[in-house]
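Just below is one structure, and these are the notes that go with it.
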Amino acid sequence: MFKNPFSFKGRIRRLEYGLSYILCSVIQVGIEEVSKLDEGYELFNFLLLPLFWFIFAQGAKRCHDRGNNGWYQIIPFYILYMIFAEGEEGENEYGLNPKGIGNRSEIDDIGKPEYE
């Protein structure tokens, strides 16, 4: 969980995406509250940039788990779909299933007949 959180490659599960979203929301509220206390609150806004990068990277990986391009996350209300929809079983073009369901490896196929 949370391997390469700033990378746009790979797939993540619903739980990791949901926790990422909650974490970002809490940090964003914290940054906004601290910035209100300080006179130079504009300086705290630069802290939001890594936060936005993180949530967009996590969203792209969640889109990949659904078998979609990362740009799908900018569709209105698609975030709700990403939170509640199951990921694709097995490997897709973005990588292995993070749950391990349906993943096949070459080692599993050695010596097995094709009809199984």
Would you tally the net charge around His64, using a Cβ to Cβ cut-off of less than 15 Å, leaving His64 out, and scoring K and R as +1, D and E as -1? +2
How would you rank Trp53, Trp71, going from fewest to most other Cβ atoms within 10 Å of each one's own Cβ? Trp71, Trp53
Along Cα→Cβ, 7 Å out, is where each label goes; now give me the distance between the ones at Lys9 and Ile83 in nm to one decimal. 3.0
Scalar couplings 3J(HN,Hα) for region 23-34 by Karplus 6.51 cos²θ - 1.76 cosθ + 1.60 (θ = phi - 60°), nearest whole Hz, x for Gly and Pro, are 4, 5, 5, 5, 5, 4, 4, x, 5, 5, 5, 5
In which sequence would Lys36, Lys61, Lys9 go, from the one with the fewest C-beta neighbours within 10 Å to the one with the most? Lys36, Lys9, Lys61
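Here, each number is a calculation from the coordinates, and none is a lab measurement. What you are looking at is a predicted structure, and each value in this text was computed from that prediction instead of being measured. All Cβ positions, glycine included, derive from the backbone under ideal geometry; neighbour counts span all protein chains shown.
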